[in-house]
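Notes to accompany the following structure.
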Amino acid sequence: MNHSRWRLAREKALTGEDSRSPELKELDREISLSMALAQVVYDRRKALGLSQEELARRCGLTQAKISRIEGSDTVPTLPLLAKLAKGLEASLNIAISEEDASLTLTARDAA
């Protein structure tokens, strides 16, 4: 899709004229949520000054698994998300509704 077509598609989406199939819209939503998780994990890991290997050790995972999470290449399970939150010393909050999904990672206070 060239630049002018992209702009047209974006404008249609903003005005509610999005002609994409429901399946494509759902895939876009899933990818966005996966990318949001990847970004918050990466940002928190960097804020803690950890390498992927160090975070993996804290979480009981492999470095390759951390890399796949940060690269949006995997769909994590709830137990894996719990391990990530613990290793990142944070609370992971995911809010999903019919229209929207959001993800936040909140650092826990040092006790």
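Miscellaneous remarks
- Where helices (runs of 4 or more DSSP H) sit wholly within the range 50-111, those with at least 3 residues that are within 20 Å of residue 28 (Cα to Cα) occupy 63-70.
- Residues of the range 42-85 satisfying the condition of being of a type in the set (Ser, Thr, Tyr), modelled with pLDDT of 95 or more and farther than 14 Å from residue 105 by Cβ: 51, 62, 67
- The criterion of being over 30 Å from residue 22 (Cβ atoms), under 13 Å from the mean Cα position of the chain (by Cα) and surrounded by 14 or more Cβ atoms within 10 Å (Cβ to Cβ) does not hold for residue 72.
- Within the range 27-51, the set of residues being open to solvent by less than 30 Å² (accessible area, probe 1.4 Å) and among the charged types (D, E, K, R) comprises 45 only.
- Here 99, 89, 54 are screened, and the one residue that is open to solvent by 50 Å² or more (accessible area, probe 1.4 Å) and under 26 Å from residue 22 (Cα atoms) is 99.
- The range 75-95, residues that are more than 13 Å from the chain's Cα centre (by Cα) and touching a residue at least 40 places away in the same chain (Cβ under 8 Å): 88, 89, 90
The values are calculated or read from the model by the stated rules, or taken from the named source; none is laboratory data. Note that this is a predicted model, so its numbers are computed, not measured. No Cβ is skipped: glycine too gets one built from the backbone with ideal geometry, and neighbour counts run over all protein chains shown. Only protein heavy atoms, including side chains, enter the accessible area calculation; ligands, DNA and RNA are left aside. Shrake-Rupley method; radii C 1.70, N 1.55, O 1.52, S 1.80 Å.
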